[in-house]
Amino acid sequence: MLDRVYDIWERRDVLRMLTERGLRQKYAGSVLGYAWSLLEPALLIGTYFLLLKIFHKSYPMYPLFISSTILPWQWFASTVNSSTSTLRQNSRLITSIALPREIYPLADVAVKTVEFVLSLPILLIVAWIYGVKPSPFVFALPLVLLLELMICTGMALLISSLNTVLRDVQRGIGIFIRMLFYLVPALYPLQRLTGSARRWDSYNPMVGILEVNRAVWLPGYWTTWRPVYFSVIGAFVILIVGFSVFSRVERLVLKEL
């Protein structure tokens, strides 16, 4: 695994070019351009706010409540969805240019990471409207964002390689992501869950990440570090599994392409 990471680092210029290409393709021919990175999450947050006013009654700052978790969740979900078919889409480059094949899903991760950063003004604007300043949990934010980057990377490598060998993966992953969204506390607080439901939800590595993101912007919002511990463990496991599976099925991938 370390030798593959070194190879990727040696070709980081190619990774940068693929990332720039992905961003150009996203905004090519678009009148709004970068504004879409703000408009898309804003519309999504607004939609959930209107549909779930019941939570708004309990949480006066509900737009900020969901903004703090919808943005990192969209980073994860869009990365997984985008990277699923990336190897097939780049099949000509993969079979004609000698590069570490991991670069292609990693470029998807990089593109979605940039889009996540570009969407952050939405969160800052909502926080400004409510007059909220970041809590001391802001110092833990770089750690959880790094953990999410590791999860996104591992999932991109895992899903992209499996989808090339098993075409059912692409159809199943969309359903999986939608189901997972309602199972994680993105639209509701973890405290709303009780007993075994809350305990099992804490095992999800995305939960600790979402909880810290929320604690940064909501005064007094915090319960336990338990989900964060599982986020740390899960991030390392997913990253290692992603690299391992990718390297093991690489030959099958090349045959399929």
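The values are calculated or read from the model by the stated rules, or taken from the named source; none is laboratory data. No experiment lies behind these values; they were computed from the predicted model shown. As a convention, Cβ positions derive from the backbone with ideal geometry for all residues, glycine included, and neighbour counts pool all protein chains shown.
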Looking at the structure I just gave you, is ILE233 surrounded by fewer than 17 Cβ atoms within 10 Å (Cβ to Cβ), under 18 Å from SER83 (Cα atoms) and more than 15 Å from the chain's Cα centre (by Cα)?
no
If SER37 satisfies all but one of (1) at pLDDT below 65; (2) of a type in the set (Ser, Thr, Tyr); (3) farther than 21 Å from VAL216 by Cβ, what's the number of the condition it fails?
(3)
If I filter the stretch 80-126 down to residues being in contact with a Pro (Cβ under 8 Å, 6 or more places away or on another chain) and either modelled with pLDDT of 90 or more or of a type in the set (Gly, Ala, Ser) (or both), which single residue comes out as farthest from SER244 (Cα to Cα)?
SER119
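To keep it simple, each residue is scored yes or no on (1) modelled with pLDDT under 80; (2) within 19 Å of ASP108 (Cβ to Cβ).
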residue	(1), (2)
MET155	no, yes
ILE173	no, yes
MET179	no, no
PRO189	yes, no
LEU210	no, no
ARG214	no, no
TRP222	yes, no
TRP225	no, no
SER231	no, no
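Every residue in the stretch 147-166 that is over 17 Å from the mean Cα position of the chain (by Cα) and of a type in the set (A, V, I, L, M, F, W, C), please. If you could, list the steps in order and put the result at the bottom.
Taking the stretch 147-166 as the starting set, the residues that turn out to be over 17 Å from the mean Cα position of the chain (by Cα) are 161-166.
Listed by number, the residues that qualify are LEU162, VAL165, LEU166.
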Of the residues that sit in the stretch 100-146 and are surrounded by 14 or more Cβ atoms within 10 Å (Cβ to Cβ) and outside any helix (DSSP H, G or I), which one is farthest from the chain's Cα centre (by Cα)?
VAL132
Near pairs, Cβ below 7 angstrom, 6+ apart or cross-chain, from the stretch 228-251 (over 23 Å from PRO72 (Cβ atoms)) to any residue that is buried (at least 20 other Cβ atoms within 10 Å of the Cβ) and among the hydroxyl-bearing types (Ser, Thr, Tyr):
VAL245/SER161; PHE246/SER161; VAL249/SER161
Is it true that ASP201 is surrounded by 13 or more Cβ atoms within 10 Å (Cβ to Cβ), of a type in the set (Asp, Glu) and over 18 Å from LEU123 (Cβ atoms)?
yes
With the condition kept exactly as written, say whether any residue in the stretch 62-79 is part of a loop (DSSP other than H, G, I, E, B), modelled with pLDDT under 85, of a type outside the set (Val, Ile, Thr) and over 16 Å from the mean Cα position of the chain (by Cα).
no
